[in-house]
Amino acid sequence: MTTLEEKLRARIKAAGQITFAEFMEVALYDPDSGYYTSPDRISARGDFYTSPEVHPAFGALICVQLREMWWRLDRPAPFTCIEMGAGRGRLMRDITGYAPLMDPDFADALHYVTVDRAAPGQQRATHETATSGVVLSNELLDAFPVHRFVIEAGRVRELYVCVERNGELGLARGDPSSEVITRRFDGLPNQLPDGFVGEVCTDLAGWANSVALSLTRGYVLTIDFGHDRADLYAPPRSSGTLRCYWRHQEAGDPFDRIGAQDIAAHVDFTAVDEALSAAGFARVGRTSQSEFLTRLGARDLVRRVYESKGSRSERERHRSGILELIRPTGLGGFRVVAHGRGVDPEQTLAGFSGSRDHTARPVPFPEYGPDGQRIPVGEGRYPHAATEMTATWEDLLEPPNRE
């Protein structure tokens, strides 16, 4: 038994039971032994990888969108980008390294702040640093602790973590610990059937309020895997969306390898809209990562690789990396949502509208930097992705279907 499991069992013994959200909080974020406080979790050798680990084109194209946002805000200096859940800082390094190549004036104005609860040494954005700019996150919200529930006789019952008679960790049913859980289902088109299992994150309001305190005017750019509420709480997901990942494979039991495996749940993007709306932000765009990156120039980058004089292996390395970023059955299936505060809602952003940014300059090709090898696509499996890499150069160079 690990020290982390002993700590959890002590909490359960003292309280009788704890919410799954409390269990997940400790398993992921315990300062001594939590999953995200351990090194090398995001890598081909670890348990999962994210878009910045696949190809620098992700950070480069995000940088293109950030520059347009800077223009929409009348080019403030400083223009602060607060990245929440920055992890090892790969996305930050890509964006800040690419900005001078794209627009030196934008690079001079850009002030990049990283925030990560698992990295205490990083900067923290507070109301004392409220500014004009962007709050950016990539795969942050799906790692927020969630409460689990089951529908029993037409009622919502929360699933608590307990110690069963055989001494193993298990789940016990009880009344919901928060009204937020039961209110989450108001307005659903259909009543959830008995036996339906799901998750509710109650931390979104607090997150949105922290965003509002950090940003006086600007945008919130959120990239994550999830659904609108009516699709999240629907028969195809009647067993819930909670998943555990270990060494790039899906693991079934959250009580196995506590602190050594990732735990995540799909994001309720309706709840994200509600939380940010209550904090003073309006949604100004949403699309898939595939469409978002394509509209910002992903296929233009592929064309330049195709036409380059690089070696076959180098060209294939770029092709497979960019393909993984925009493949709808891979990372391209993630959702990208933008919210704004103090901005003109009629001014659409290039990543969401497909219209060319009138301020845009030719986009330099993002080369692999000196800070280390990216994930070799195919060697590290992403949990949400199908693994076949069958697209040809022609598939990538063909304009996307807008139907």
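Readers should treat all values here as calculations from the given coordinates under stated rules, not as data from a laboratory. Not measured: the values here are computed from a predicted model. Neighbour counts run over all protein chains shown; Cβ positions are idealised from the backbone, glycine included.
Points to keep in mind about this one:
- 5 angstrom amide H check on D228, placed H, neighbours 5+ away: F269
- Karplus-based coupling profile of the range 211-226, in residue order and whole Hz: 4, 4, 6, 8, 10, 7, 8, x, 10, 10, 10, 10, 10, 6, 9, x, with θ = phi - 60° in 6.51 cos²θ - 1.76 cosθ + 1.60 and x standing for Gly or Pro.
- Estimated distance in nm for a label pair at D344 and S288, the labels positioned 7 Å out from Cα along Cα-to-Cβ: 3.1 nm
- Shape call, the range 221-349: gyration tensor on alpha carbons, a/c limit 1.5: oblate
- Remark: the range 178-187, residue by residue, has Karplus-estimated 3J(HN,Hα) of 8, 5, 4, 5, 6, 6, 4, 9, 4, x Hz, where x stands for each Gly or Pro and the curve is 6.51 cos²θ - 1.76 cosθ + 1.60 at θ = phi - 60°.
- Residue order, fewest to most surrounding Cβ atoms within 10 angstrom, among K309, K13, K7: K309, K13, K7
- Taking a point 7 Å out from the Cα of H111 in the direction of its Cβ, the residues of the range 66-98 whose backbone N falls within less than 13 Å of it are 76-82.
- Rounded FRET efficiency, nearest 0.05, which uses the C-beta distance separating A230 from M1 and R0 of 45 Å: 0.60
- Amide H contacts for G240 (H built 1.01 Å from N in the peptide plane; partners 5 or more residues away or on another chain; cut-off under 5 Å): V197.
- Placed amide H near D30: partners under 5 Å, 5+ positions off or other chain: Y35
- Taking other Cβ atoms within 10 Å as a rough exposure proxy, T270, T294 sort from fewest to most as T270, T294.
- Ranked list, fewest to most other Cβ atoms within 10 Å of each Cβ, for L213, L296: L213, L296
- Peptides 328-337, 180-189 ordered by average Cβ neighbours within 10 Å, highest first: 328-337, 180-189
- Rounded to whole numbers, the Karplus 3J(HN,Hα) couplings from phi for the range 308-316 are 6, 9, x, 5, 4, 5, 5, 5, 5 Hz, using 6.51 cos²θ - 1.76 cosθ + 1.60 with θ = phi - 60°, and x at Gly and Pro.
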